[in-house]
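See structure below.
Laboratory data are not the source of any read-out in this text; all were calculated from the coordinates shown. Everything numeric here is computed off the predicted structure, so don't read it as measured data. Here the Cβ positions follow ideal geometry from the backbone for every residue, glycine too, while neighbour counts run over all protein chains shown.
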C-alpha cells in the first residue's frame, strides 16, 4: 500500500444537505452529502455524485457547512457525513468535525461517517479522534463478487471494518443484497460469522436492492421479495446476529 | 323556537337509526335546553354571533354544568366519597373500580368526563408488589371499560412528567389496544422526564397517535403545579376547570374592519374582544347564579372541585386568515413580491406577533365574573376548530397543506405559544419510517420545547389514526362512516331509507365530528415532514 497523507482542508465539494433525517444513524440527523466516489457500483443509485469535482461545482467552506448545522442544532441528535465517498475528502471532514466539536452550539452533537470502507488506515487515524460512529457497507465477503458489484477489491473494506471495530467506532454495517448475486444462504452465513468474529455485538442493516433509480445496467436485476427478506432475517438471526434492521 | 318545530326535531332525533341510545338522550337534552332563550346579551353581541364572529361552540342556551370539570381525583381516592358510598381504595383493583364508579358522575359539556386525572400519578401508589403482567392485565380491562362506557374521544388522561411503572404500563396497554379513548397527554419536564420515557411515548404515538406532549415547566409557570390538560388541549386548573369556552373568529373579525393592521388592532379588535367577553360573562352568570351549579353539585360538596378554581376560556381561531388578510390590505408582500404567507414569511410572523400580543393585552383587560383563579380574567386559548368550520384554520395553526419544513414550522409557531396559557395545538405529521427511529422525534421534541413551544403533537401518515382538533379518530371508523356518506347526505336532505341511515352509525360520538372535520378542514392535506428531496442528491446530472 502506498503512503497516504491526509491534509486538513478548509473547503470541500458538497453535493447537498438535509437538515432532518431519521434514516441516517441514531436519532435526528443533519446529513451532509459529499461529492465524489472511488467506486463504480453496478447498483449505484446516485451516479451524479461519482465525479470528484464536477465542472461548475464550487467548493463549500467549513464555516458555511457549520453555519447550516448550527441553525438546525437545537433539533438534532447529530450530524452524518455521507456521499459519494466521504473518505475521499477526509481532510475536509476532519476540519468540519473539529469545528463542530469546538463550537459550543454544536459540541454535543454526535458525529457520524457513512462510508464504503475503501480507505487507508491513515484516514481512520485522522477521523477517529473527532468521530463517534461509522456506518460501512459490506457488499460481498467474496472478493470476486465484490469486484463485480463495485469494481474494487474488498480487502480495504474488511480492514476498515476490523480497524473501526477495534476502535469502538463501528456503529453499523449495511448489507446491500441483490437476489442471486450476494444473498445465498451460505454467503449470508459466512458474512454474519465473519462480522460477528470482528464484533460480537455488530449492528447489521439490510438494504434490499431497489431497481427504481438504479442505473440502466442494473435494471434487469431482481429486487428481494418479502419472502427473501424473511429468509435474510432468519439466516442472519440463526447465525447469531442480535441487532438486525430490515426495512419496514 | 316554535313548539311544532321543536316537536319535529325531537321526533327526528328519536327516529334516527344512526344514533345510539345514549346519543339520542344527549341530543334530546340539548333540544330541551335550547328551547329556552339564551342568557341575555346586547344587540351588538347577538349580531356578532349571528355573523359568526363570536361563537359559543354550541354549548347550549342554558348552561347547567361547567364546560370542563377537573376533579381532584387524588383527594377522592385519599378520602373516599360519601356521595359514591365508597371508602378509600386499598389496592389497585379498588382504585380502578373507584375511578370507574366516579367518572360517569363527573359533569361535562360533552356528557362524558373530559378529564380522567393524572392517571399514572394516581395509580402508582397502588401498584404494590404486583408484577408488570398483573398491572397490565388490570389496566387493559380498565382501558376497555373506559372506552366502552365513555365512548367519546374528548375523554382525556394525563401522564408524567416523571417516569414510573404506571406510566410505562399505561403506554404499553394503549399501544396494544389502539383505542381513541382515552386521549392522552404526556407532561414533559426536560429536567425530569428521561429520554427513555419519551421514546416509549413516541413509540406509542407512532402506533396509535397518542400521547400529545406539553411543556410542563411552561404550564407550571402559568398555572402552578396543579393543572390538567383535558379534552382538546385545554390546560386548566386542577380541582376546578372552565365555566365556558367562547371563541372569536379572527378571520371574520378582520372582515368587519375597513382598514389595515393598525386600524384593526386599535378599533375593531377591541370591540370584538369586548363582545366575546360579554357573551362569556352572560354564560358564567347563568351557570353560577341561574342554574346554581356550584351550590349543589356533589363534587363541590365533597371538596373535589373548588368553585374558586374555575375560570373561563377565551378562544380564538382563524389567526392564519386574519394575518394574511391584514398583510394584503397593507400591501405587504414576501421578498419576491408574492402575497406574504402565514407560516412562511417574516412579515406574517411580525403581524401575527402584534395581533396576539394585542389580543392578550385586551383579554387581560377584560374583567369577568367568577374567574378569580386567573385574576378575574379569561385564559386565552387557540381553539382547534369544530367540524363545521369551512375556509378558516383552527387556532393559530398553519393551514393544512401549507406547512413549511419542520424547523421553519416550529420556529414560526413557537413564539405564539406563550400567549395561550389555556393551550394551543400545532400538529406535525411525520412519515411512518419515523417509527423505526423514535429518538429522532425525541430530539425534535426537546428542540421544540427549547424554542418555546407549549404544546407539541404529531400524527404519523398511514398509522390508521388522524389527529383532528385535539381528539383522534380511527381512520377505519371514519371509512365506515364514509361508506355510508351517500346515505348521510341523503339523510340531511330527508331522502334516505332507515336502512341507509342506520349504516352511518358510530359508537364514538366524536367519529361523526371527525369525519366532517377531516373533509371541511382538509386534514388529509397536512404536509408530511420528510427530509426535503432537494437536499439529497438523486440521479441525473449535476447542475452547473
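Table for the structure above
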{"item": "Calculated FRET value between residue B:266 and residue B:519, using beta carbons and R₀ = 41 Å, to 0.05", "result": "0.60"}
{"item": "Relative contact order, percent, chain B [alpha-carbon distance under 8 Å, six or more residues apart]", "result": "16"}
{"item": "Max mean-square fluctuation residue, GNM over chain A, Cα-Cα springs under 10 Å, options A:68, A:117, A:180", "result": "A:180"}
{"item": "Ordering of B:109-121, B:469-481 by packing [mean C-beta count within 10 Å, highest first]", "result": "B:109-121, B:469-481"}
{"item": "Cα gyration tensor category, rounded, prolate or oblate, for the stretch B:271-381 with a/c compared to 1.5", "result": "prolate"}
{"item": "Dimensionless Rg over Rh [the stretch A:159-248; C-alpha; Kirkwood]", "result": "0.99"}
{"item": "Sequence ranges A:204-213, B:214-223, ranked by mean other-Cβ count within 10 angstrom, highest first", "result": "B:214-223, A:204-213"}
{"item": "Approximate spin-label separation residue A:228-residue A:148, in nm, with each point projected 7 Å along Cα-to-Cβ", "result": "1.4"}
{"item": "Shape box of chain A [Cα atoms, principal axes, largest first, Å]", "result": "48, 39, 38"}
{"item": "Volume of the Cα convex hull of the protein assembly as shown, divided per residue and given in Å³", "result": "185"}
{"item": "For the protein assembly as shown, share of DSSP beta bridges that run antiparallel, in % to the nearest 5", "result": "30"}
{"item": "Degrees, to the nearest 10: A:155-166 long Cα axis against longest axis of chain A", "result": "70"}
{"item": "Cα-based convex hull, the stretch B:322-481, per residue volume (Å³, whole number)", "result": "156"}
{"item": "Distance between modelled label sites at residue B:44 and residue A:103, nm, 7 Å Cα→Cβ extension", "result": "5.4"}
{"item": "Value of relative contact order over the stretch B:228-387, rounded to a whole percent, pairs C-alpha under 8 Å and six or more apart", "result": "30"}
{"item": "Area projected by the alpha carbon convex hull of the stretch B:294-346, averaged over all directions, nm²", "result": "6.3"}
{"item": "Average other protein chain Cβ within 10 Å of Cβ, residues A:48-58", "result": "2"}
{"item": "The stretch B:40-172: C-alpha pair distances exceeding 28 Å, %", "result": "29"}
{"item": "For chain A: relative contact order, % (alpha-carbon pairs under 8 angstrom, 6 or more apart)", "result": "17"}
{"item": "Per residue, the convex hull volume that the Cα atoms of the stretch A:29-157 enclose (Å³)", "result": "104"}
{"item": "Full-extension gain in nm, residue B:480 to residue B:353, via 0.36 nm per residue minus C-alpha separation", "result": "41.5 nm"}
{"item": "Calculated P(r) of chain B - Cα pairs past 40 Å, %", "result": "23"}
{"item": "Förster radius 25 Å - calculated FRET efficiency between residue B:221 and residue B:372 (Cβ-Cβ, nearest 0.05)", "result": "0.80"}
{"item": "Cβ-Cβ FRET estimate between residue A:238 and residue B:346, R0 fixed at 45 Å, reported to 0.05", "result": "0.20"}
{"item": "Whole-Å distance, taken between Cα centres, linking the stretch A:19-85 and the stretch A:214-229", "result": "26"}
{"item": "Per-peptide average of other Cβ atoms within 10 Å, ordering A:133-139, A:191-197 highest first", "result": "A:133-139, A:191-197"}
{"item": "Square roots of 5 times each gyration tensor eigenvalue, C-alpha, the stretch A:115-192, largest first, Å", "result": "24, 13, 9"}
{"item": "Along each principal axis, Cα extent of the stretch B:42-110, largest first, Å", "result": "56, 19, 15"}
{"item": "Order of B:244, B:333 under a 10 Å beta carbon neighbour criterion, fewest first", "result": "B:333, B:244"}
{"item": "Radius ratio Rg over Rh of the stretch A:62-134, counting only Cα atoms, Kirkwood formula for Rh", "result": "0.95"}
{"item": "Per-residue average of Cβ from other chains inside 10 Å of A:68-76", "result": "4"}
{"item": "Rg over Rh, two decimals, the stretch A:1-100 (C-alpha only, Kirkwood Rh)", "result": "0.97"}
{"item": "Label point 7 Å beyond Cα of residue B:203 along Cβ direction - residues of the stretch A:17-42 with amide nitrogen under 15 Å", "result": "A:27"}
{"item": "D_trans [Stokes-Einstein, Kirkwood Rh over alpha-carbon pairs] for the stretch A:36-91, 20 °C, 1.002 mPa s, µm² s⁻¹", "result": "162"}
{"item": "Peptide B:421-433 - average C-beta neighbours from other chains (10 Å radius)", "result": "1"}
{"item": "Listed residues A:71, A:183, A:40, most fluctuating in chain A (Gaussian network, C-alpha, under 10 Å)", "result": "A:71"}
{"item": "Cα centroid separation, the stretch B:385-438 to the stretch B:132-203 (Å)", "result": "23"}
